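Trainee: Structure in structure tokens, see below.
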Amino acid sequence: MKPILEVKNISKKFIIDHEQQAYLSLRDKIQSVFSPKRTTEDFWALKDVNFQVERGETIGIIGKNGAGKSTLLKIFSKITPPTSGSIITRGRIASLLEVGTGFHPELSGRENIYLNGSILGMRKKEIDLKFDEIVDFSGVEKFLDTPLKRYSSGMQLRLAFAVAAFLEPEILIIDEVLAVGDAEFQRKCMGQMEEVSRSGRTILFVSHNMAAVSQLCKKTVWLHDGEVKLIGNTFEVVPAYISRITHHDYQKNWTLSNAPGDDEIKLLSCKLVQNNRTIGVIDINQSCEVEIVFSVLKPVKNLICGSSIYTLEGNCITANADWKPNVYEPGIYKRSMLIPARILAEGDFSILVQLVFYDPSKRSVYLPDILTFHAHDSDHPDTVRGLYKEAWPGVVRIGFEWTEPRSIDPNLSAS
């Protein structure tokens, strides 16, 4: 059977226009019409991209911002043509690229369901059969006859996803747009995409959330500067991508003039410390600390120091904060969060640091991903990749102890 999607030497060029001079006067503007001083530059968003997608596959497409992911999806969806190369599709495509794409703001939610279904090539009878499921999933029944322009971006997203997922296209293309939705809706979407995948339809999923890509996709394409850097099994491509983009930044320092904060508190430094050394590669068999130094400029009360550890895929491993009521007089203070030994598995992590008040009207210092580090196991430096050590890198690692076997039947002896 032929692939449902073939990408053959796809390239896309954009022309960047550079204006050499800022025209400040009317005379300069008029003169520029007759003698424009401009230069142009060719920018290749995609360069000779090749891969195939088999029927029923769920493919992840990953890469940093500007790698060409969204451009590729827009070519798939025929929103923009490629400069060279070709794409062969053997099925009906539904795209969810931006909130509101393919919808008309003046039409009601009900009318947009039928409009979008017609664009996908569905007959009215087919849409009628799926109509109730679409409305139920989207949760917009109360506003079904309200013009779409009065929907929030989240409501528009829920309706757009429901239409795309339930009208059963052979190929479903989903961009990072799902990040607009709340956590509950994202979980519903992931569940529905898994259901779509099990039904034998094909999904192309672009996301910066590596946990979602790993959960949903067996195969992943890594784009870098418009080219295919790596393509293959997700559990090989995603770690390779993460290790490439990770730069361990285990210490941050600020002066009082540029420190994060306000006229009450300033964060002066944060760093990762093990064995009294500031370090970016820790041994998981020893404890370490996240050390925070901050300045209090005015007397404050109920100031909370907090820190959280995340995998680079965005999963929170542990969070800790000092919730005890307290009063700080002006001065410089140091607080630390202890990370016990043998809690982390090997992998790469990021650290969130925050200084917040009980009073929500006060400004907080909130710095996600401010530190990054690598954890390794010094007890087993040569262990090959295995179930216990690296099957789930970056998760909490807990050691279990087993009791000695004993018989619960007095007529049997323990073995």
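The values are calculated or read from the model by the stated rules, or taken from the named source; none is laboratory data. In this text, all values refer to a predicted model and were calculated from it rather than measured experimentally. Here Cβ is always computed from backbone atoms with ideal geometry, including for glycine, and neighbour counts include all displayed protein chains. When the accessible area is computed, the model is the full protein with side chains, heavy atoms only, and any ligands, DNA or RNA have been set aside. Shrake-Rupley method; radii C 1.70, N 1.55, O 1.52, S 1.80 Å.
Trainee: For Lys2 and Glu106, FRET efficiency with R0 = 51 Å and r from the beta-carbon atoms, rounded to 0.05? Write out the running numbers ahead of the final one.
Mentor: Details: r = 41 Å, r/R0 = 0.81.
Using R0 = 51 Å, I get an efficiency of 0.80.
Trainee: Suppose a student asked you for the relative contact order of segment 141-290, using Cα pairs under 8 Å spaced at least 6 residues apart; what percent would you report? Mind dumping the intermediate values first?
Mentor: Details: 139 pairs, mean separation 18.2, N = 150.
Rounded, it is 12 percent for segment 141-290.
Trainee: Next up: Looking at this model, which pairs from Lys69/Lys149; Lys74/Lys124; Lys74/Lys142; Lys69/Lys124; Lys130/Lys219; Lys266/Lys301 are more than 22 angstrom apart at the alpha-carbon?
Mentor: In this structure, Lys69/Lys149; Lys74/Lys124; Lys74/Lys142; Lys69/Lys124; Lys130/Lys219 exceed 22 Å between Cα atoms.
Trainee: What's the FRET efficiency of Ser199 with Asn258 using the Cβ-Cβ distance as r and R₀ = 51 Å, to the nearest 0.05? Don't skip to the end; give the middle numbers.
Mentor: Details: r = 54 Å, r/R0 = 1.06.
Efficiency for this residue pair is about 0.40.
Trainee: Would you please put 103-109, 347-353 in order of how densely packed they are, using the mean number of other Cβ atoms within 10 angstrom per residue and starting with the highest?
Mentor: 347-353, 103-109
Trainee: Taking only Cα atoms of segment 138-179, what ratio of Rg to Rh do you get with Rh as the Kirkwood inverse-distance radius?
Mentor: 0.99
Trainee: Where only protein heavy atoms count, and the probe is 1.4 Å, what is the accessible area per residue for segment 251-365 in Å²?
Mentor: Per-residue value: 48 Å².
Trainee: So for the pair Arg244, Ser118, with labels modelled 7 Å out along Cα→Cβ, what separation do we get in nm?
Mentor: About 4.4 nm separates the two model spin labels.
Trainee: Hey, can you rank 69-78, 207-216 by average C-beta count inside 10 Å, highest first?
Mentor: The most tightly packed comes first, giving 69-78, 207-216.
Trainee: What is the Cα coordinate range of segment 188-331 on the first, second and third principal axes, sorted by size from largest, in whole angstrom?
Mentor: Its Cα atoms span 64, 34, 33 Å along the three principal axes.
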